[in-house]
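One structure below.
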Amino acid sequence: NYRIGNIDATVIAQAPKLKPYIAAMREKLAAACGIDPEQVSVKATTEENLGFTGSGEGIAAHAVCVIVS
């Protein structure tokens, strides 16, 4: 009887700029997980030219999901 309480995701990318896509990403993640979009937070950030993400060689993501009973 466990369910998703909320999801908090961060995408780390120097490019492309993701702000125009955040709302759609929240909607799609919520639909895929069967939850309300209000339960999903998606943020985008850069690493200011540090590491492989900062140099544009790749994209990374971190996500935390709270599971409630």
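Kindly indicate whether Val68 is over 17 Å from Pro16 (Cα atoms) and surrounded by 11 or more Cβ atoms within 10 Å (Cβ to Cβ).
Against the criterion (over 17 Å from Pro16 (Cα atoms) and surrounded by 11 or more Cβ atoms within 10 Å (Cβ to Cβ)), Val68 does not qualify.
Restrict the check to the stretch 57-64 and report whether at least one residue is surrounded by fewer than 12 Cβ atoms within 10 Å (Cβ to Cβ) and touching an Asp or Glu at 6+ places or on another chain (Cβ under 7 Å).
yes
Being assigned to a loop (DSSP other than H, G, I, E, B), farther than 11 Å from Cys65 by Cβ and touching a strand residue (DSSP E or B) at 6+ places or on another chain (Cβ under 6 Å) is the filter here; which residues of the stretch 1-46 pass it?
If the condition is that a residue be assigned to a loop (DSSP other than H, G, I, E, B), farther than 11 Å from Cys65 by Cβ and touching a strand residue (DSSP E or B) at 6+ places or on another chain (Cβ under 6 Å), then Leu18 is the only one that fits.
Restricting to the stretch 47-65, and then to whatever is among the small types (Gly, Ala, Ser) and in a strand (DSSP E or B), can you tell me which residue is nearest to Val11 (Cα to Cα)?
The qualifying residue nearest to Val11 (Cα to Cα) is Ala61.
Picking from Ala9, Ala32, Ala15, Ala44, which residue would you name as being exposed (fewer than 14 other Cβ atoms within 10 Å of the Cβ), under 14 Å from the mean Cα position of the chain (by Cα) and not basic (Lys, Arg)?
Selected residue: Ala32, the only one of Ala9, Ala32, Ala15, Ala44 that is exposed (fewer than 14 other Cβ atoms within 10 Å of the Cβ), under 14 Å from the mean Cα position of the chain (by Cα) and not basic (Lys, Arg).
Where a number appears in this text, it was derived from the coordinates with a stated rule and is not lab data. The model shown is predicted, which means the values in this text are computed figures rather than measured ones. Using ideal geometry, Cβ is built from the backbone for each residue, glycine included, and neighbour counts are taken over all protein chains shown.
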